[in-house]
Number of protein chains: 4
Amino acid sequence: MAELKGFVPPLSPEGRSSVVPGPPWHYSGDLLTIEYRAAPGAVGRWLPDPVEPAEDDPDAVAVIFADWQSCSDSFEELLDPVRSQYKEAFAVVRCQYRGQTYSRCVYIWVDKDFAIARGLHQGYPKKLGSIHQTRPHPYGPAPRIEAGARFGATLAAADRRLAQTVVTLREPSETNGFVNAHPMAHHRWLPSIEKDKGLALDELIETGAASFEAGQPWVGEAELALFDAPTEELARLEIREPIAAYYRQVGVVWDGGRLLESGTSGAAAS
Amino acid sequence: MAELKGFVPPLSPEGRSSVVPGPPWHYSGDLLTIEYRAAPGAVGRWLPDPVEPAEDDPDAVAVIFADWQSCSDSFEELLDPVRSQYKEAFAVVRCQYRGQTYSRCVYIWVDKDFAIARGLHQGYPKKLGSIHQTRPHPYGPAPRIEAGARFGATLAAADRRLAQTVVTLREPSETNGFVNAHPMAHHRWLPSIEKDKGLALDELIETGAASFEAGQPWVGEAELALFDAPTEELARLEIREPIAAYYRQVGVVWDGGRLLESGTSGAAAS
Amino acid sequence: MAELKGFVPPLSPEGRSSVVPGPPWHYSGDLLTIEYRAAPGAVGRWLPDPVEPAEDDPDAVAVIFADWQSCSDSFEELLDPVRSQYKEAFAVVRCQYRGQTYSRCVYIWVDKDFAIARGLHQGYPKKLGSIHQTRPHPYGPAPRIEAGARFGATLAAADRRLAQTVVTLREPSETNGFVNAHPMAHHRWLPSIEKDKGLALDELIETGAASFEAGQPWVGEAELALFDAPTEELARLEIREPIAAYYRQVGVVWDGGRLLESGTSGAAAS
Amino acid sequence: MAELKGFVPPLSPEGRSSVVPGPPWHYSGDLLTIEYRAAPGAVGRWLPDPVEPAEDDPDAVAVIFADWQSCSDSFEELLDPVRSQYKEAFAVVRCQYRGQTYSRCVYIWVDKDFAIARGLHQGYPKKLGSIHQTRPHPYGPAPRIEAGARFGATLAAADRRLAQTVVTLREPSETNGFVNAHPMAHHRWLPSIEKDKGLALDELIETGAASFEAGQPWVGEAELALFDAPTEELARLEIREPIAAYYRQVGVVWDGGRLLESGTSGAAAS
């Protein structure tokens, strides 16, 4: 019989068709991170069994915009950049599992299918969106990375604007924030093909970078607005208290994660 | 703990965030179907265990373009049509499993994320593409559905054209073709989050319409061209002998499928 | 010297490059028209010399969504439908010039460049937008054209939703509304390439269909919402009093217009 | 009567609606320039009266990809980056007019409407396209600007790939090439609204940067491929002999041009 190749469907005889080649995946990108506190208890509403709210500062949220170039181990996507460039906007919270603190992505929008496919693998709950983010540049009107520099970013999906921010850099920082600073604890859920039979896949996994390099982070202030939409609940993570905003350029390798447990989330496909 | 709602991620407190609400899913659409024979043995290269080539006419292929409006049981997406309209292009072959003939989609491109999410559930190996298809119209230069009417359709992905066709209708037909005429036998595959641990999900499922209504099919001739691309193998299903082409308007309800078997495909995430 | 060919730039040796071939242009499309009255005097603010407010009902506005297939006299674009299909949303008012009543488009968004190029020629002030409109269909959940049928339509630009409507059909109608029912009186304006030198082109033109065929119009009620945005003033044509809403399928030929006068608008490129 | 404001249509009471605010326009961007020689006499076929082929090396062509952030004098578009970021691909040749050498853009594709509007003003014959270009980055797999760095770029329009290149940097260079190094001599053409009445606007203009800053140019080698398409003639500027390829980051201000002459091109809207 046929031996099909590829990391994810479509599998095919030569294995060229897979939406994305298998890991390791390499990334160059710019991160704009806005941290704030939501209402007491707000974040807990997004944390299913067996993950629990973080003990310290449980309602901290990071809204992150990222402008990426990514590739597989062949690096060939970089030279056909429609296959390597994408942007994303996501919301990260912290949670606790077996005494450890994890980060956890509760919303994420991207603008390419290979990014959706990777998210499916890594437990990022990806949708398509339209994301834009000011880029630093050494000449002309675009900002340098320096005190007073201003970066804007916006997110839309289904022809509605969902989020927008303007970040003003103040000074170099020791950190790039604390909310998205842990390994990720994500669920991978897929409903059974048969109705009312629950989940066919229900895994809690841990995922994080295999290697990481980065430039000087900068800290500053952000204006951030989240807008409601019929098919989104991001705006329910209402902004009660701004924390800070960060800008950082990074290089990342991702190369697989770890299964924590399976079949225990109690989430029902409904 | 939080009870999260929704059919697929992102699950959320109110369940509004799911990329797509759960079935039943309702569809109105126009199908342009081009059938041809590939080289002897060609189709078998896409059929992994435990499915086998069809006994009769095993190398028949249908390339299908479809222009859809779809919605959940609330019908609300129809009134916010960015959430209901999408187009797709796909390639279907026939196969055999436990003595029964099935149809099987080996490639499919769509232009919306909710369609990707449904495909993931139903075992359609979806990618994003740009699809266009002539629509019938009662006035002006667009074709009526009648003898001599011509419909064009094109598919591109990653900024490369992958397929194009022009179909000329000849006469009403008793069928809408024979390749996409069976229940679908699809695999649902997802690699383990841990490297080199094989598949976390490996299911063979059966899926098909819960109900179906349709207009008069028309049959005619097609010019069809498939183009090669670095990340596609569609053109390897080379056109050796045209069979026929069809046009039909349909209404479909999809409401779940059936698990045939699990863990047996031998496909490896590589 | 070279003789360049084509209707509009890029002109080229063979004349294939023009963004759009020259007229006649043929259209098949579906129109969703929502008429309302804005505040007294509101429309007049969009009417420069030498056009004046209509005498009768001067603040009537039509917001129109249209789903088109169009082509040149070769009809070839219909078979490569990425070159023929487009959608648009526009706002039309009435005005008066030399004792005659004209319709006039004050805003219009389209989703293809060939439509922008035609608009430039015809004096339609076109921008790019994302437009969606429910289509009638004989099967499945999409509406038939009949009493009680509901059609939604939305407009977004620069990742912000600008307008949305839901129209419910009530009964066949003798008209398709009265605001967009006259020849169009449009300006064609282009600033001088030299700063502060005013306009290089300043024409008032008349334009309308060379031929027209259409189905039965239907009348009904609309919910219509217009949203503000930093780069749009459409929402300033505030809805004070709904008039009616219409649905109609049409076939149109456009084949040139007529120069009314030139150099008199007093508009300054500022 | 109403005084309408704005640089280009739609003019409006507040002047916010104009597709693009008036100049000066500020740009930050990365340029990838590939120079080659076409067949003897090839370039002359694109040069209408009164411009003539350059005396020296008349068939040199530059295909240029550019990744821009641009804004008006308010700089506000930079913070709503969907309104400032765009990409373009264009072909430039040289010509001669009244004894002076000019550069001249014969094809250009962009991905935003504000860029189309600026091109219309400046005589760039713009179409919509999909353009991608590798970006330099200090971390991860994307290239630094250094010897051996490789940058890819692609252009598609109407769902067909029209051009692709991979440039490998070799060493710092004294120039960024010679083809796009002169003031531009462009035509601004618009047909009469009345059929067979020729051009309503027929201007030869000179345009160039009001100010310019830039980083170190790099020179290297390129693979460049141009693909044919039914609506493009770019591939007719066939590559006979590669010259060199360049990479440079620039900051530019544009603030108006100069009318050279009017009504003399002899081009006919056909």
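The table that follows gives values for the structure above.
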| item | result |
| --- | --- |
| Accessible-area order (highest first, 1.4 angstrom probe) of the listed residues A:4, D:120 | D:120, A:4 |
| Projected area, mean over directions - segment D:45-141, Cα convex hull, nm² | 8.9 nm² |
| Average other protein chain Cβ within 10 Å of Cβ, residues D:200-210 | 2 |
| Number of partner chain Cβ atoms within 10 Å, mean per residue of D:158-167 | 6 |
| Förster radius 51 Å - calculated FRET efficiency between residue D:147 and residue C:100, Cβ distance, rounded to 0.05 | 0.15 |
| Calculated P(r) of segment B:1-63 - Cα pairs past 17 Å, % | 65 percent |
| Shortest-first distances to equivalent copies, position residue B:262, nm, label 7 Å out along Cβ | 1.0, 7.7, 7.8 |
| Principal axis box of segment A:20-95, alpha-carbon based, largest edge first, Å | 47, 26, 16 |
| Computed FRET value (nearest 0.05) for residue B:195 with residue D:197, which takes r as the C-beta separation and R₀ as 56 Å | 0.20 |
| For the protein assembly as shown, size of Cβ-based charge dipole, Lys and Arg +1, Asp and Glu -1, in debye | 0 debye |
| Peptide B:120-129 - average C-beta neighbours from other chains (10 Å radius) | 5 |
| Chain B, Rg to Rh (Cα coordinates; Rh as Kirkwood inverse mean 1/r) | 0.97 |
| About the Cα centre, charge dipole magnitude for chain C (Lys/Arg +1, Asp/Glu -1 at Cβ), debye | 400 debye |
| Segment B:1-160: relative contact order in percent, alpha carbon pairs under 8 Å with at least 6 residues between | 16 percent |
| Under 12 Å, Cβ to Cβ, from residue D:51 - net charge with Lys/Arg +1 and Asp/Glu -1 | -1 |
| Neighbourhood charge, 11 Å Cβ-Cβ cut-off, centred on residue D:210 and excluding it, Lys, Arg +1 and Asp, Glu -1 | 0 |
| Low-density loop positions, GluC sites (Glu not before Pro), segment A:174-270 - DSSP coil, at most 15 other Cβ in 10 Å | A:174, A:194, A:238 |
| Local net charge near residue B:84, Cβ-Cβ under 11 Å (Lys/Arg +1, Asp/Glu -1) | 0 |
| Calculated label separations, residue D:181, copies of the chain, 7 Å along the beta-carbon direction, nm | 5.2, 6.5, 6.8 |
| Isotropically averaged projected area of segment D:38-77, using the convex hull of Cα atoms (one quarter of hull area), nm² | 5.0 nm² |
| Segment B:66-122 - Debye-derived log10 I(q)/I(0), Cα point model, q = 0.15, 0.19, 0.21, 0.22 Å⁻¹ | -0.54, -0.75, -0.84, -0.88 |
| B from A by rotation - nearest chain A beta carbon to the axis, in Å | A:201, 2 |
| Nitroxide proxy distance, nm - points 7 Å out along Cα→Cβ at residue A:39 and residue B:73 | 3.0 nm |
| Convex hull volume per residue for the protein assembly as shown, taking Cα atoms only, in Å³ | 157 Å³ |
| Selected from D:134, D:231, D:154 as most flexible by GNM, with chain D as the system and alpha-carbon contacts under 10 Å | D:231 |
| Candidate lysines - alpha carbon under 21 Å from residue C:5, same-chain residues fewer than 8 apart omitted | D:126, D:127, D:195, D:197 |
| For segment C:22-40 and segment B:172-227, distance of Cα centres in Å | 40 Å |
| For segment A:110-225, alpha-carbon Rg over 2.2 N^0.38 Å | 1.38 |
| FRET efficiency for residue B:171 and residue C:213, using Cβ-Cβ distance with R0 set to 25 Å, rounded to 0.05 | 0.40 |
| Accessible area in the full protein assembly, largest first, 1.4 Å probe, for C:240, D:135 | C:240, D:135 |
| For residue B:3, label point 7 Å along C-beta direction: distances to other copies, nm | 4.9, 6.4, 7.9 |
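The values are calculated or read from the model by the stated rules, or taken from the named source; none is laboratory data. What you are looking at is a predicted structure, and each value in this text was computed from that prediction instead of being measured. All Cβ positions, even for glycine, are placed from backbone atoms using ideal geometry, and neighbour counts span all protein chains on display. Keep in mind that these areas ignore ligands, DNA and RNA; they rest on the heavy atoms of the full protein, side chains included. Shrake-Rupley method; radii C 1.70, N 1.55, O 1.52, S 1.80 Å.
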